[in-house]
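Have a look at the structure below, then the notes.
No value in this document is a laboratory result; all are computed from the given coordinates. Note that the coordinates shown come from a computational prediction; the quantities given were computed from them, not determined experimentally. Quick reminder, even Gly has a Cβ in these numbers, built from the backbone with ideal geometry, and neighbours come from all protein chains shown.
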Amino acid sequence: MKRETILYDRLESGAVRCRVCQWYCRIGEGKPGVCGTRLNEKGTLYTLIYGEASSINVDPIEKKPLFHFHPTTQVFSLGTWGCNFHCRHCQNWQLSYARPSDGGWKVKGASQGRGQEITPEESVSMARGYGCAGIAWTYNEPAIWLEYTLDTARLAHQAGLYTAYVTNGYMSEEALDVMGPYLDAYRVDVKGFGAGPYQELARVPRPEGILRVAERARHLWGMHLEVVTNIVPSINDDPGQLTAIAEWIRDALGPDTPWHVTRFFPHAELTHLPPTPVDTVLSARELGLAAGLHFVYAGNLASGRAESSFCPRCGKLVIKRSGFHAELVAVAHGGKCRYCGADLNLRGRF
């Protein structure tokens with residue numbers, strides 16, 4: 001569904017400047033931006049994906065993963081087409097690599113079909129009808145869906161639903177500030193600390209803007225933040241790299257900020273690499289704890305203990321997780337430890 005975008009400038013000779021993400025694409029007449037979903041038509045920039053969903057599901061909030069945000073609830077999850085990254089290991093590459101064509105969306109000439117049109121009103125109605133506590137925009141980069149997610153988030157808040165972005169973090173500060181009053185959770189990927197991993201994995205020149213926007217989401221807008229690092233062998237798995245991420249989280253976002261270190265499995269353009277050794281993921285968790293983070297979770301593993309929550313003060317089990325199932329074992333009113341009263345950095349209704 002085509003609609004004029006809300007963050008762009010008109011330039012000379014019919015070109016436009018998109019301001020939704022940190023590429024700040026200069027787009028000539030008849031051309032798309034990096035994401036493939038914004039098109040310049042005669043000096044007006046249009047989004048091609050307003051209200052077009054590629055995937056709609058009801059998920060446990062733990063699947064995002066968001067472990068400290070309304071745990072045990074179900075979330076209405078939507079994704080669209082395209083992305084402003086081209087991650088070589090993307091597990092949803094059939095969606096993120098897609099580009100518009102006659103009759104739908106294609107990846108390297110292969111049709112991926114059409115999406116499902118869903119209005120913001122329908123999205124909120126379906127979320128409530130399925131008994132969900134909130135709405136998450138996920139599966140591909142939600143910032144490129146800015147206009148639609150903004151309209152839906154406003155209605156979601158009016159309906160008493162929470163909202164969440166599962167994001168690569170490359171949105172502009174302007175786009176974040178547009179969403180700020182209506183976005184409750186910001187689950188952001190940090191693929192590495194320094195230019196190397198971002199250039200290797202996502203063809204992005206540098207991560208500083210990603211870190212800056214995450215800090216802005218946390219401190220200016222008070223969003224709940226959780227960070228994910230998918231550990232890819234030979235690219236971002238060295239201890240110095242992982243320790244630097246942990247220290248940034250501790251110092252810039254706070255030691256109670258959850259960090260998810262997850263096991264890579266071969267996808268997309270990195271099928272020649274092996275899955276991450278389990279010991280590497282568990283060692284990354286230990287590095288995070290040693291750096292002073294209170295909640296570090298090892299994901300995509302068979303063992304559940306590394307995904308359960310323990311009180312940072314008394315060490316008792318407070319939330320038990322197995323797969324995407326969570327059980328509140330010892331969470332008191334206000335999201336505090338039932339044993340010692342420590343703040344567990346939980347957001348939700350307790």
Selection from M126, W137, Q94 lying farthest towards where the dipole of region 94-143 points positive, charges on Cβ = Q94
task = If a/c stays under 1.5 just call it rounded; otherwise compare a/b with b/c (prolate if a/b is bigger, oblate if not). Do that for region 52-303, with a ≥ b ≥ c from the square roots of the Cα gyration tensor eigenvalues.
result = oblate
query = Among rounded, prolate and oblate, which fits region 3-47 when a ≥ b ≥ c are the square roots of the eigenvalues of its C-alpha gyration tensor, a/c under 1.5 means rounded, and a/b larger than b/c means prolate?
reply = rounded
ask   = Gap in Å between the Cα centre of region 21-83 and the Cα centre of region 283-350?
value = 30 Å
key: Sequence-distant aspartates and glutamates (8 or more away, or on other chains) whose Cα lies within less than 18 Å of K42   = E4, D9, E12, E29
query = What is the set of long-range amide H partners of Q112 at a cut-off below 5 Å, with H atoms built 1.01 Å from backbone N?
reply = W105, K106, V107
inquiry  = 7 Å from Cα along Cα→Cβ at both I6 and A159: what's the point-to-point distance in nm?
reply    = 1.8 nm
Full-stretch length increase - A252, E29 - with 0.36 nm per residue and alpha-carbon distance subtracted = 76.2 nm
query = In Å, what is the Rg of the alpha-carbon atoms in region 73-195, and how long is Dmax?
reply = 14.9, 44
remark   = Residue by residue through region 43-60, the couplings from Karplus 6.51 cos²θ - 1.76 cosθ + 1.60 with θ = phi - 60°, in Hz, x for Gly and Pro, are x, 10, 9, 10, 8, 9, 10, 4, x, 9, 9, 8, 9, 9, 8, 9, 10, x
request  = Report the paramagnetic label zone for V329: residues of region 281-319 whose backbone N is under 12 Å from a point 7 Å from Cα along the Cα-to-Cβ axis.
outcome  = 304-311, 315-319
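How much length is gained if the chain between D102 and K42 is pulled fully straight, taking 0.36 nm per residue apart and subtracting their Cα-Cα distance, in nm to one decimal?
19.6 nm
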inquiry  = Apply the Karplus curve 6.51 cos²θ - 1.76 cosθ + 1.60, θ = phi - 60°, to the phi angles in region 62-72 and return the couplings in whole Hz, x for Gly and Pro.
reply    = 5, 6, 5, x, 10, 9, 10, 10, 6, x, 6
